[in-house]
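Everything on this sheet refers to the single structure shown next.
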Amino acid sequence: MLKEIIGIIVREIPYGETSKIIHLLTNEGLIGIMCKGAKSLKSPFRATTLKFTYGKFIIYYKENKLSTLHSVDVLNPLTNIKNDIILLSYLNYLTELTLQVLKQSNENIYDDYITTIFKIEEGLDPLIMGNILEIKYLDYLGVGLNLDACVSCGSKANILTIDGDRGGYICKNCYQNELIVEPKTIEILRMYYYVEIKSISKLKISKNVKEEINRFLDTYYDRYTGLYLKSKNFLKKLE
Ligand SMILES: [Zn+2]
């Protein structure tokens, strides 16, 4: 059966001398596709079956089995990302993260993932966009944030700061010696959680707030998700 599906290639696996298998991330999950002859110089698939190709794929579809590639129509070449080592590292990291989240959750996270990538391609700040995606993924990883109350006593009043190690908001009474963030950081963190990714068109967030949120999420991910991603370490070194 011929099937048309839109997605992004997230893995390439060599197969034999001239062929390869690609894993396409789509809103139906991951689909494995055999690309016969795609590694040979003459193949029309040589350039269109590379990792991070986003397009419309026409395949001979076999449910729960390897499908076979019929044709590819590239929909967005993601040129800005691919020409910038930092942006490319974000793409790598956010893709690896998405694949990890998919292992633990059946929720459809594809739309949020691909929309985030398009926003980065359009020039929106990759750190902010990445953090917004990370914060949304926490729910699917089973360690969602409580953005309404102090993590220690449950009080909704007098929230003083956020702390990644303690896992969220801390009120005045439960404060020990954590770093005190800007009030704006607390507010923006909540905005990250509730904003619809596709509705974001511009971002005006100060450098300090941006970094405080990133530090919080970085610590929180290390402490609560159990994920260790090489691509994230690489990104950190790069920056
Ligand atoms: Zn408290």
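Readers should treat all values here as calculations from the given coordinates under stated rules, not as data from a laboratory. What you see is a predicted model, and the numbers here were worked out from it, not measured in a lab. Backbone-built Cβ (ideal geometry, glycine too); neighbour counts: all protein chains shown.
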| request: Please determine, by comparing only the residues of region 144-173 that are more than 22 Å from the chain's Cα centre (by Cα) and not in a loop (DSSP other than H, G, I, E, B), which one is nearest to the ligand (Cβ to nearest atom). | output: 171
| message | Of everything in region 181-204, what is more than 20 Å from the chain's Cα centre (by Cα) and either free of Cβ contacts under 8 Å to residues at least 24 places away in the same chain or under 20 Å from residue 235 (Cβ atoms) (or both)? Give them in sequence order. | response | 183, 187, 204
| query | Out of curiosity, is residue 185 touching a strand residue (DSSP E or B) at 6+ places or on another chain (Cβ under 9 Å), more than 19 Å from residue 227 (Cα to Cα) and within 16 Å of the ligand (Cβ to nearest atom)? | reply | no
